[in-house]
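Input: a single structure, listed below in structure tokens.
The values are calculated or read from the model by the stated rules, or taken from the named source; none is laboratory data. Note that the structure is predicted; figures quoted are calculated from it, not measured. Note: ideal-geometry Cβ built from the backbone for every residue, glycine included; neighbour counts use all protein chains shown. The protein model used for the area step is the full one, side chains on, heavy atoms only, and it has no ligands, DNA or RNA in it. Shrake-Rupley method; radii C 1.70, N 1.55, O 1.52, S 1.80 Å.
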Amino acid sequence: MSDAYLPILLIFGVSALNAVFMVALSHILNPRRPTPQKAMPYESGMIPLGDTRARFSVKFYLVAISFIVFDLEAVFLIPWAVEMRALGWSGFVAASIFVAVLTAGLVYEWKKGGLDWD
């Protein structure tokens, strides 16, 4: 193994030992005093009403995924906008194709009703 990888392995080793040490120390120093209030599923101490494992609608997840996709669009387009002049027409065409594919996805999702909250 090359000597260039030795510092990286050393950092990984120290990190692993630190993680094991912290977990062991927390188990040693942690006083275990369970109470009914600590066993409740909410931190506020309120009595839970109904089932705590309520199911979310699939539309919630679709909107969340859409948000992530269009947030990443901005992450990819900002560096392109900064270097737009240096990239020339090939960069413009590539970014236009990227935006066109995302627009087609948005139109598809809109037509399928993925953005309706009814």
Using a 1.4 Å probe on the protein heavy atoms, what percent of the accessible area of the chain belongs to carbon and sulfur? 71 percent
Range in the chain, longest, excluding exposed trypsin sites (Lys or Arg not before Pro) [loop by DSSP; at most 15 other beta-carbon atoms within 10 Å]: 56-118
List the chymotrypsin sites (Phe, Trp or Tyr not before Pro) within region 50-118 that fall in a DSSP loop (any state other than H, G, I, E or B) and whose Cβ has at most 11 other Cβ atoms within 10 Å. Phe56, Trp117
Could you work out the per residue convex hull volume over the alpha carbons of the chain, in cubic angstrom? 265 Å³
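Test of understanding: what is the full-extension gain from Leu77 to Leu115, defined as 0.36 nm times their sequence separation minus their Cα-Cα distance?
Here the answer is 11.3 nm.
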